[in-house]
Amino acid sequence: MNPLTGLPGNHIIDERLSQALQMDHFSVLYVDLDQFKSYNDSYGFKMGDQLIQATANLLRKLFVPPEAFLGHIGGDDFITILNHHDYKYISEEVISGFEEMKKTFYNEHDWHHQYVLGEGRSGLNRPIPLVSVSIAVVTNSKRKYENIDQIIDEATRIKKGCKAIAGSIICANDTATTPC
């Protein structure tokens, strides 16, 4: 179990992904917070931990067993496994819930301007967007997966594409990108 959130960690996640390979229908949702490092740098690790815990609590409300499994990969990364392909509505609920919740984690100035000042790669302070959520979805609706590494590789590839798009977003291997 992850000590910060109390959610199952990597060993249990791997077991559940292996079980998903045996299912006729599954959707794996890789939920990642974008710009989290800048938030943590601006507001401190204690507030960063609170944001991760609040995100975990939001996900707990939406992904309920036996229909869903929820795990905490670590840091600001979560994974959920659904026993169906109807992920769109619940993913949209994650985004709307997160967007509403995150308001409480910013001071008035940062919220009003919709950015924090953070150190860029050049070492200079620059405006960095507020935290958003990317949801990379892998389903077996159009492709069969032989092992969990294939699922993880596909989720990682999709997540990379999600993170290249500003704002909270859902990207899936079975549909076009859905900005929210």
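Points to keep in mind about this one:
- Number of positions in the range 67-90 that are without any contact (Cβ under 8 Å) to a residue 60 or more places away in the chain and part of a strand (DSSP E or B): 4
- Residue match in the range 43-61 (condition: among the small types (Gly, Ala, Ser) and out of contact with any Phe, Trp or Tyr (no Cβ under 9 Å at 6 or more places or on another chain)): yes
- Selection from the range 87-124 of residues that are acidic (Asp, Glu) and surrounded by 13 or more Cβ atoms within 10 Å (Cβ to Cβ): Glu92, Glu93, Glu99, Asp110, Glu119
- If you go through the range 29-66 and pick out every residue that is in a loop (DSSP other than H, G, I, E, B) and either at negative phi or within 14 Å of the chain's Cα centre (by Cα) (or both), you end up with 5.
- In the range 125-152, the residue that is nearest to Ile90 (Cα to Cα) out of those that are outside any loop (DSSP other than H, G, I, E, B) and open to solvent by 100 Å² or more (accessible area, probe 1.4 Å) is Arg126.
- For the range 7-37, filtered to residues that are hydroxyl-bearing (Ser, Thr, Tyr) and in contact with a strand residue (DSSP E or B) (Cβ under 6 Å, 6 or more places away or on another chain), the residue that is nearest to Val116 (Cα to Cα) is Tyr30.
- Qualifying positions in the range 37-67 - within 19 Å of Pro3 (Cα to Cα) and open to solvent by less than 50 Å² (accessible area, probe 1.4 Å): Asn40, Gly44, Gly48, Leu51, Ile52, Ala54, Thr55, Ala56, Leu58, Leu59
- Residue match in the range 68-86 (condition: closer than 23 Å to Gly6 by Cα, open to solvent by 30 Å² or more (accessible area, probe 1.4 Å) and small (Gly, Ala, Ser)): yes
- Residue within the range 166-175 that is free of Cβ contacts under 8 Å to residues at least 60 places away in the same chain, more than 18 Å from Phe26 (Cα to Cα) and surrounded by fewer than 16 Cβ atoms within 10 Å (Cβ to Cβ) present: yes
- Any pair with Cβ under 6 angstrom, 6 or more apart, that starts in the range 24-35 at a residue that is open to solvent by 10 Å² or more (accessible area, probe 1.4 Å) and ends at one that is assigned to a loop (DSSP other than H, G, I, E, B) and not aliphatic (A, V, I, L, M): His25/His84; His25/His85
The values are calculated or read from the model by the stated rules, or taken from the named source; none is laboratory data. Just so we're clear, the structure is a prediction, and the values are computed from it rather than from any experiment. Using ideal geometry, Cβ is built from the backbone for each residue, glycine included, and neighbour counts are taken over all protein chains shown. With ligands, DNA and RNA removed, areas are computed over all heavy atoms of the protein, side chains included. Shrake-Rupley method; radii C 1.70, N 1.55, O 1.52, S 1.80 Å.
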